[in-house]
Structure formats: C-alpha cells, structure tokens
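Single-structure report; data block below.
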Amino acid sequence: MDKTAVVVYEWSHPHPIYKKAVKRQTKFYAHDPENRCSLGDTVRIIESRPYSKKSAGRLRRSSRA
C-alpha cells in the first residue's frame with residue numbers, strides 16, 4: 001500500500017483458566033506520506049483523522065531496528 005504503514009502490536013496476557021501466556025497481535029494502519037518506513041522498523045503512531053477506510057493514524061517517529 002502506497003503511503004501506508006502496517007504496524008503490528010504484539011502483546012500477551014495470561015489465560016483466565018490455565019494461566020499460560022497467550023500471545024495476541026493487533027494491526028494498525030498509519031499514514032506515511034513520505035514512505036520512510038521499511039520492514040522491521042520501530043515506529044510510534046498517533047491518532048488522527050481517517051486518511052482512508054482503514055488508516056486512521058499518522059506516523060510520529062520511525063527508527064531503524
């Protein structure tokens with residue numbers, strides 16, 4: 001997708017019954033007007049107006065991993 005960064009947020013929590021750590025992930029779509037992100041970058045996004053049907057965030061900072 002042009003000018004869009006897909007950000008995956010991975011988190012874990014204990015299962016309510018078995019207490020084993022369960023991994024989950026959430027995808028966020030962020031507007032990246034200069035296409036400065038690449039695969040594996042660590043980014044910060046902020047909430048903003050919707051740029052498209054899925055993209056409702058804006059890239060704040062990007063650092064190479």
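Just so you know, all these numbers are worked out from the coordinates, no wet-lab data involved. Predicted, not measured: the structure shown is a model, and the values here were computed from it. Every residue, glycine as well, gets a Cβ built from its backbone with ideal geometry; the counts of neighbours run over all protein chains shown.
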* Asked: So how many residues does segment 19-41 have that are assigned to a loop (DSSP other than H, G, I, E, B), surrounded by 11 or more Cβ atoms within 10 Å (Cβ to Cβ) and of a type in the set (A, V, I, L, M, F, W, C)?
  -> 1
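Among the residues of segment 46-61, write down those that are part of a strand (DSSP E or B) and closer than 17 Å to Lys27 by Cα.
Going residue by residue through segment 46-61, those that are part of a strand (DSSP E or B) are 46-47, 57-61.
If the condition is that a residue be part of a strand (DSSP E or B) and closer than 17 Å to Lys27 by Cα, then Ile46, Glu47, Gly57, Arg58, Leu59, Arg60 are the ones that fit.
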* What do you reckon, is Pro16 of a type outside the set (Ser, Thr, Tyr), loosely packed, with under 10 Cβ neighbours inside 10 Å and out of contact with any Gly (no Cβ under 7 Å at 6 or more places or on another chain)? -> yes
* Structure fact -> Contact list, first residue from segment 26-54 and free of Cβ contacts under 8 Å to residues at least 60 places away in the same chain, second anywhere and among the polar types (S, T, N, Q) and loosely packed, with under 10 Cβ neighbours inside 10 Å, beta-carbon distance below 6 Å, six or more apart or interchain, is Thr42/Ser63
* Is there a residue being of a type outside the set (D, E, K, R) and loosely packed, with under 10 Cβ neighbours inside 10 Å anywhere in segment 42-60? -> no
